[in-house]
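Throughout, read-outs are computed from the coordinates displayed, never taken from laboratory work. Being a predicted model, the structure only gives us computed values, none of them experimental. When we count neighbours, we look across all protein chains shown, and the Cβ atoms used for this are built from the backbone with ideal geometry, even at glycine.
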């Protein structure tokens, strides 16, 4: 019975939604005649408005997911053990692509000191994770020993250290929610 009442109530009210501003405009002209005489009906009407407002707010995108930006990541890679070779950088934007063959952004920077700095401009606000390694011999790949352990220095965002297996996305990701986000990774 309450669903029928709610359906009837909603059909007598004119609603205008502006989701981009999270505004709800309600015309009460038809409501005055229907429910203003009864306290019980007033409470039901108020409850219906609260439920409707909750539904509209629930369907609007959260502030953290709204498009923003563009953002810039400034990455500083430190701890390079020599001034030769290149630093390979891979930037990932999801757990599905994390440490895979298809990063959202990548770069190769020539090494000329104990650290390098790289700037990634015009990226949408989102969560990102970064993996880097120092390709000292410029062969374009991470050199490993006979059991698969890396021989060249590497690092991850949030300066994660690997013990057994690759680091998890949840621990390596960081938010880009401001025009400039500075990240430092120390390779080891």
Stretched fully, the stretch from residue 94 through residue 184 gains (0.36 nm per residue minus C-alpha distance, one decimal, in nm) 30.4 nm
Most exposed first, judged by fewest Cβ atoms within 10 angstrom, 101, 143 run 101, 143
Projected area averaged over all directions for the convex hull of the alpha carbon atoms of region 71-186, nm², comes out at 6.9 nm²
Going fewest to most other Cβ atoms within 10 Å around each Cβ, 117, 72 line up as 117, 72
Per the rule of 0.36 nm per residue minus the C-alpha distance, extending residue 109 to residue 146 adds in nm 10.6 nm
